[in-house]
Amino acid sequence: MSEDILKLNHLTKQFGRRKAVDDLTLSVRSGEIFGFLGPNGAGKTTTIKMVMGFLFEDTGHIEIGGYDLRHQYGKAMAQVGGIVENPEMYGQFSGRQNLEMYARLHGLKDRRRIDEVVRLVGMDKRINEKVKRYSLGMKQRVGLAQALVHRPRLLILDEPTNGLDPDGIHQLRDLLKNLAHQEGVAVMVSSHQLAEMQMMCDRVGIINQGRLLDVRLVGQAAAGEAGGAAGIRPYRIELLPPEAARGQAVPTAQEALAALPEGWRNLVHIAKGQALEAELDPQQLQELLGMLLAAGIPLSQVLYSSRSLEDLYFSVTGGGQALA
Amino acid sequence: MRKYLALFKNEWMKLSHRALLIVGIVALLVVPPLVAVSMRSSVTYTDNSGSVSQTPDQSQLQELAQVHLDELAEQQSWYDPAASDVYTQLEYKANELAQTALQSLMDSRLDLAARPYIQDLLDQQARLQAALTLAQNSQAQGFSESDQLSLLNEMGGSEVAAEQTLTQLGQVLTDGSFEAYRDYLLETSGSVVSGADYQAALAEAWAMVPTEDQQAAWLYDSSAYTTLRSLTEQYAAAEVSMARGYDVLNGTEQPLRAQERQSFQDLLLELRYELKNPAASVTELAQAANNSDSVAKQLNLIILCIGILIAAGSFVSQEMETGSIKSLIISPTRRYKIYLAKLGALLLISLALAVFSWLVRLISLRIVFGPLSGLTQVIAHNGSLHVWNYWQYTALDAGLGYLTLAVIVFFALAVSTVTRRTAVAVGLTLGSYFGLMVTESVLANFGWKEAFRFLPLMNLDFSTRLLSDASRLMTLKQFGSTPQVNISVGFSALYVLILAGLLLWMGLDSFCRRDI
């Protein structure tokens with residue numbers, strides 16, 4: 001049973017008159033990658049900064065690994081590693097010196113651990129160079145090594161793919177998945193790259209104007225949970241398009257829906273592009289396809305349909321609107 | 001404690017990797033030897049052994065006499081020989097006669113011509129002769145009554161008096177010995193402070209001075225000669241002040257208070273020691289070494305202050321600007337510990353630099369000027385005499401200078417934390433520092449009411465006050481004295497402690513309570 005490593009309870013932060021975070025409550029569990037999504041200025045970074053001790057919350061409280069951040073600061077922060085905005089280090093020192101300085105603050109003396117994280121992020125060849133000579137991607141890698149060096153139970157990464165090359169992004173994704181799923185680390189990632197988040201995260205929380213609007217399972221986790229619970233999955237049934245009918249008349253999606261019995265019309269709905277969509281278990285799918293074929297409605301294909309994270313994001317945040 | 005050490009080590013690393021530190025170290029390393037070499041090159045008589053056997057050879061004697069001759073020639077060039085006013089004519093004529101007399105003596109008795117007291121006597125003689133000549137021709141020159149009075153004044157009241165003095169001077173010059181010169185000084189001491197008691201005290205002072213046979217330093221050393229005269233006059237004035245009950249030395253007629261009496265007794269103790277052991281400390285070389293170290297100390301203190309101001313003024317703000325502060329905040333360390341570690345690292349590096357500066361100063365002096373025995377510090381306090389080696393004295397001096405640095409660290413770090421902008425913080429701290437230096441000099445002579453109004457400014461630099469009064473601190477007995485007029489050391493120290501506390505609170509509050 002996974003435990004809540006990070007608990008945010010009714011967190012509020014106000015800058016002047018503007019509420020950057022408004023009564024936000026959420027938790028991040030051990031062994032999961034939690035994606036934190038939201039438009040610019042939604043309150044993602046403010047929330048992360050409060051968790052990492054940069055900002056003080058106005059109301060509410062933060063608990064990390066069972067320790068209250070305000071009253072047990074040292075114990076709470078010992079559980080956290082992360083990067084906020086950009087990985088900032090001391091440019092006059094080498095990557096290794098930066099890691100040593102940070103490890104020292106955590107009471108770590110084992111140099112092997114530093115070598116281990118350096119290899120993990122693929123920086124072993126250039127770790128002795130001065131940080132001021134690093135590219136942004138290299139800084140991200142060393143920043144990640146720094147965040148991991150003390151084996152945190154909660155890893156917080158703000159835009160971690162910034163500056164990384166495709167190979168680096170792929171490695172990061174694998175690394176985070178491994179950390180979460182194999183080592184039980186709770187990972188909280190904030191990013192604007194929805195496709196990347198869909199591939200990386202197990203759960204996402206969408207925030208806008210300081211308020212948490214939705215928390216959903218995504219990707220394999222969503223599929224696994226839905227399948228595991230009742231076997232219900234979303235399907236898209238595409239009808240034969242008119243251009244493929246070689247001059248014969250084909251029924252429209254409305255006519256296909258009308259051909260179904262009364263009770264089925266509530267389960268099935270019309271989708272764009274001459275298609276029907278429905279969330280069904282395998283038995284129901286068989287029945288539906290039988291009914292459609294019996295009614296003489298030609299089908300082109302049946303797809304397992306999932307709403308993309310982008311659809312979810314825009315529907316929750318009212319996306320697509322002008323940036324005002 | 002382990003956490004503090006870890007933090008401290010990190011902060012120390014950050015400071016020690018700054019280019020500014022290298023620049024500072026180079027400056028501290030270069031300034032004292034440069035100043036020392038420069039000061040050393042201006043010393044004409046370099047023997048400070050004080051031994052008769054060290055009498056200069058012919059070429060040195062020639063050089064010593066020539067230096068004074070050149071000085072006279074240069075001074076004469078300041079005056080216009082065709083000028084009609086009596087003052088210019090007197091100076092020009094006296095200078096001309098002095099040169100002639102010195103040149104003549106150089107040709108006949110070079111050994112005497114090289115001695116500064118003889119040169120002084122020749123100058124006096126030339127001045128009297130010039131005054132006499134001008135007075136005798138005053139009708140032809142068309143001098144006014146006022147001009148004639150000036151000439152009479154120069155002659156000691158009358159032509160007869162001038163003739164008598166010239167005779168005396170002639171006898172001393174013919175004899176040429178330092179003892180003859182000393183006797184002449186005693187006879188004419190009435191012109192400094194009138195009274196037989198003063199003359200007796202002056203004789204007592206001179207009696208303490210080793211004779212020409214014992215020590216020869218002041219025979220050829222202009223600085224030693226001048227200092228020795230000054231010491232004997234100070235001694236006589238202090239003796240007379242004690243006897244008469246008022247301050248003859250500073251010319252006041254207020255009855256002496258108990259504390260002032262004690263000060264005079266202490267001064268007499270110091271002077272007795274210096275008069276009996278004058279050879280090394282009064283020489284031109286020792287004076288140059290002393291001046292050199294004083295200049296080097298001031299320059300190094302300025303370098304240290306500016307360096308520390310920049311380092312401390314940017315220590316927090318730079319981390320805020322670059323964002324590197326985040327890696328500190330995200331560590332399991334309370335913010336106040338981070339601030340205290342930064343403060344500690346700055347205080348330690350200031351201390352290390354102060355010690356470094358002190359060592360460079362001492363080594364430079366030793367190499368350029370030789371043994372530092374001439375710079376021994378003699379301090380009398382409450383009737384007891386303390387003789388300090390120069391390194392001990394300068395160690396205390398450096399320690400007190402460190403107090404200034406410590407206050408600067410507290411101040412600049414607080415400003416850096418509050419402003420969070422390096423340019424603003426460094427500008428503010430440097431501006432305050434230079435502002436203080438100017439204000440200090442402007443306010444130096446203010447009374448206590450005015451001084452009190454500007455207390456924050458006065459006391460920020462209070463260690464300079466302590467330095468000027470280091471003698472009192474050395475004995476650690478009289479801490480309630482007043483290094484700055486109307487402000488006691490104890491009060492200043494308390495004030496600085498409160499000030500440092502306030503600055504610490506200000507910095508901590510800003511660092512620990514504000515969002516980043």
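The values are calculated or read from the model by the stated rules, or taken from the named source; none is laboratory data. Note that this is a predicted model, so its numbers are computed, not measured. All Cβ positions, glycine included, derive from the backbone under ideal geometry; neighbour counts span all protein chains shown. We work out accessible area using only protein heavy atoms, side chains counted, and drop any ligands, DNA or RNA first. Shrake-Rupley method; radii C 1.70, N 1.55, O 1.52, S 1.80 Å.
Numbers for the structure displayed
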| quantity | calculated |
| --- | --- |
| Bins of 20 Å, starting at 0 and running to the largest distance - Cα pair percent for the protein assembly as shown | 12, 28, 22, 15, 13, 6, 4, 0 |
| Simple Cβ-charge dipole of the stretch B:51-176, Lys/Arg +1 and Asp/Glu -1, about Cα centre, in debye nearest 20 | 260 debye |
| HN-Hα J in Hz across the stretch B:416-431 - Karplus 6.51, -1.76, 1.60, θ = phi - 60°, x for Gly and Pro | 4, 6, 6, 7, 6, 10, 4, 4, 5, 5, 5, x, 5, 5, 5, x |
| Rounded to 5, the percent of DSSP beta bridges in the protein assembly as shown classed as antiparallel | 70 percent |
| Radius 14 Å from Cβ of B:Arg513, net charge of other residues (Lys, Arg +1; Asp, Glu -1) | +1 |
| Accessible area (Å², 1.4 Å probe, nearest 10) - A:Asp4 | 60 Å² |
| Which of A:Ile33, A:Ile270 is most accessible, then next, and so on - probe 1.4 Å | A:Ile270, A:Ile33 |
| For peptides B:422-430, B:79-87, sequence by mean Cβ density within 10 Å, most packed first | B:422-430, B:79-87 |
| Exercise: per-residue mean of other protein chain Cβ atoms within 10 Å, B:318-329 | 5 |
| Cα gyration tensor category, rounded, prolate or oblate, for the stretch A:122-198 with a/c compared to 1.5 | oblate |
| Charge context of B:Ser357, other residues only, Cβ under 11 angstrom, K/R +1, D/E -1 | +1 |
| Nonlocal amide H pairs with A:Met188, under 5 Å, H built at 1.01 Å | A:Phe34, A:Leu155, A:Ile156, A:Leu157 |
| Accessible-area ranking of B:Met106, B:Met208, largest first, probe 1.4 Å | B:Met208, B:Met106 |
| Kirkwood Rh and Cα Rg combined as Rg over Rh, evaluated for the stretch B:54-151 | 1.08 |
| 5 angstrom amide H check on A:Arg203, placed H, neighbours 5+ away | A:Ile33, A:Gly35, A:Val218 |
| Computed over the stretch A:232-309: relative contact order in percent, which uses C-alpha pairs under 8 Å that are six or more apart | 50 percent |
| Two-site FRET efficiency, B:Thr252 against B:His386, from Cβ-Cβ distance with R₀ of 25 Å, rounded to 0.05 | 0.35 |
| Prolate/oblate/rounded call for the stretch A:102-154, Cα gyration tensor, a/c under 1.5 rounded | prolate |
| In Å², nearest 10: area of A:Phe56 left accessible to a 1.4 Å probe | 50 Å² |
| Rounded, prolate or oblate (a/c below 1.5 giving rounded, otherwise prolate when a/b exceeds b/c) for the stretch B:192-282 by Cα gyration tensor | prolate |
| Local net charge near B:Asn290, Cβ-Cβ under 15 Å (Lys/Arg +1, Asp/Glu -1) | -1 |
| Shielding score for B:12-24, defined as the mean number of other chain Cβ atoms within 10 Å | 1 |
| Accessible surface of B:Ile367 - all protein chains present, 1.4 Å probe, nearest 10 Å² | 130 Å² |
| Whole-angstrom gap from the stretch A:68-115 to the stretch B:116-132, using each part's C-alpha centre | 81 Å |
| Heavy-atom accessible area ranking, 1.4 Å probe, most first, across A:Asp158, A:Asp22 | A:Asp22, A:Asp158 |
| Accessible surface, the stretch B:77-143, averaged per residue in Å² (probe 1.4 Å) | 46 Å² |
| Average Cα contact separation per residue, the stretch B:192-282, under 8 Å, 6 or more apart, as relative contact order % | 37 percent |
| Occluded residues from the stretch A:68-82, i.e. those whose accessible area drops by 30 Å² or more once the chain is not alone (1.4 Å probe) | A:Tyr73, A:Met77 |
| Relative contact order (percent, whole number), the stretch A:4-225, Cα cutoff 8 Å, 6+ residue spacing | 30 percent |
| Size of the stretch A:4-225 as Cα extents on the principal axes (Å, biggest first) | 45, 40, 29 |
| Pairwise label distance in nanometres, A:Ser300 with B:Leu504, each label 7 Å out on the Cα-Cβ vector | 7.9 nm |
| For A:Leu280, distant residues with modelled amide H under 5 Å away | A:Arg233, A:Tyr235 |
| Label-to-label distance, nm, for residues given as A:Gln248 and B:Ala83 (7 Å Cα→Cβ offset) | 13.1 nm |
| Shielding score for A:84-95, defined as the mean number of other chain Cβ atoms within 10 Å | 4 |
| Rotationally averaged projected area of the stretch B:123-223 (alpha carbon convex hull; nm²) | 7.9 nm² |
| Peptide ranges B:26-38, B:243-255 listed from the most packed, as the mean C-beta count within 10 angstrom indicates | B:26-38, B:243-255 |
| Two-decimal log10 I(q)/I(0) for the stretch B:247-312, as the Debye equation yields it once each C-alpha is a single scatterer, q = 0.12, 0.14, 0.22, 0.26 Å⁻¹ | -0.63, -0.75, -0.91, -1.03 |
| Cα centroid separation - the stretch B:260-279 against the stretch A:237-293, whole Å | 118 Å |
